[in-house]
Amino acid sequence: GTDEVVFGQVGGSILLLCRNVSKEATEVVWFQGDPHSFPPLFSSRVSFPPDVRFSLVDNSSLSITELRVQDEGNYTCREVLNKTDHEHRVQLLVASNVLILDQSPESLWLLNQHVCGSVCGRSSWERARTVPCSQLVTHPGNVSHHVLSLLLDPPQATPKCWAETSSSGLMLQLFCSWPGGYPHPTLHWREEGQDLENSSWVISSTSSSDTHVETLNSSHLSHRKVFKCVGSHVVKQEQPACTVEIKLPSLESEPPQTCFVGDSVTLTCRVTESTPAARLSWLRDITQPEVEIQPGGRFLIAQEGNVSRLTIRNCSQGTDGGCYVCKAQNPVGLRELFVCLTVKHPVNIVGVVGAVVVLSLLAVLTVTGVVLYYNPLLCLRAYSAVPRNADSGDVLVLVDSEDDEEGKGSKEAL
């Protein structure tokens, strides 16, 4: 069985990837044809007669330049291990002339007139298939060796890249997708100018139609490391690419919160940056065993996008006060942020107001009593200074007893 089909054109170049090579492999050997019937074509350890058109890339992938029709066929790469030998089979198709048809009426007419077999006579346009030259004559004197592409539309947009966390939460998965073309494009990831696929820290490499996925060991990841996916297609000269920059999580929270005994409070934690997306969790604090708070009972945890909220119901001063830890983790690393909570007993407002009023009255009465005790006439003088009513003809004059004569004059006047 063939694991992969690769398309090339006479005079062009092609790279045959030896996928899923183990980092423990001692040797990689390439065969053209059945590996059990033909001698090796190229080896990473043994020197064969030189052919400038063949070379090894990253000590595993086979590069062929100046493609010829006779290069077409089945290729097998075998990694030599101590106990098992893993093989990857690639079928290479080489075209001497490539005819690309679109959906124009002229192309449809040409397709119906000259293509025989299962394609002929169909009213609906199909994505292309490989048609032998005997079934297609484009113009007199121009017969294709293989028509590799009777394409509805080759990939027009650039590849799309993104990163995700594996189901275990410990590894990074790089996704590269470039749909919309036939045959399917060749996609491979690079890091710092080298093919990533054959690095020792790549856990696995899988491809399904137009998407290629690399699973990486997190021990080699670092903040702001950039990975690049390069796509190639038989009908495109350029090699479009896309990149992914992985990042550590970055956190922020609201100011410290206060909760009264018996009430509820919500603590908020927000992820401002993370590639791939981070997993958020809450811990009591780092001084106690790092056991995640599970939702249930008095605790409610809700996450919307990059925001996580921890709600504590029926606050208790003895158990709920202190600092909580918001933990954000992705395969690149983890960040922790302290969110502190103060729990207080509720204050009796009515009692406080009553106490203030009573104390104020006591203070006024005390001051008044002291004044009357030491100078009782002071209040009377103050009263005499107050204007009397105009209708009243009585005038009260207060005289100090020390001046008798003035007192007599006042009596006469009265």
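The values are calculated or read from the model by the stated rules, or taken from the named source; none is laboratory data. Just so it is clear, the model here is predicted, and its values are computed rather than measured. Virtual Cβ from ideal backbone geometry, glycine too; neighbours counted across all protein chains shown. Ligands, DNA and RNA are stripped out before the accessible areas are found, and what is left, the full protein with its side chains, is counted by its heavy atoms. Shrake-Rupley method; radii C 1.70, N 1.55, O 1.52, S 1.80 Å.
Observations on the model:
- The set of residues in the stretch 242-278 that are among the small types (Gly, Ala, Ser) and over 29 Å from Ser168 (Cβ atoms) comprises Gly262, Ser264.
- You will find that of Ser264, Ser204, the residue that is modelled with pLDDT under 90 and among the small types (Gly, Ala, Ser) is Ser204 and no other.
- Test: residue in the stretch 9-21 that is farther than 27 Å from Ile203 by Cβ, modelled with pLDDT under 80 and buried (at least 16 other Cβ atoms within 10 Å of the Cβ): yes
- Any hit, the stretch 200-220, residues being closer than 29 Å to Arg279 by Cα, open to solvent by 40 Å² or more (accessible area, probe 1.4 Å) and aliphatic (A, V, I, L, M): yes
- Among residues of the stretch 321-337 that are farther than 18 Å from Gln294 by Cβ, those with a beta-carbon under 6 Å from a residue that is open to solvent by less than 10 Å² (accessible area, probe 1.4 Å) and of a type in the set (Gly, Ala, Ser) at least six positions away or on a different chain give the pairs Arg335/Ala328.
- Residues within the stretch 300-320 that are outside any loop (DSSP other than H, G, I, E, B), open to solvent by 20 Å² or more (accessible area, probe 1.4 Å), out of contact with any Phe, Trp or Tyr (no Cβ under 9 Å at 6 or more places or on another chain) and in contact (Cβ under 8 Å) with a residue 12 or more places away in the chain, tallied: 3
- Restricting attention to the stretch 285-294 and to residues that are open to solvent by less than 80 Å² (accessible area, probe 1.4 Å) and part of a loop (DSSP other than H, G, I, E, B), the residue that is modelled with the highest pLDDT turns out to be Ile293.
- Unmet requirement for Val244, which otherwise passes all of (1) surrounded by 13 or more Cβ atoms within 10 Å (Cβ to Cβ); (2) not in a strand (DSSP E or B): (2)
- Residues within the stretch 169-189 that are open to solvent by less than 70 Å² (accessible area, probe 1.4 Å) and either more than 14 Å from Thr206 (Cα to Cα) or assigned to a loop (DSSP other than H, G, I, E, B) (or both), tallied: 8
- Search result, residues across the stretch 223-241 that are open to solvent by 50 Å² or more (accessible area, probe 1.4 Å) and among the polar types (S, T, N, Q): Gln237, Gln239
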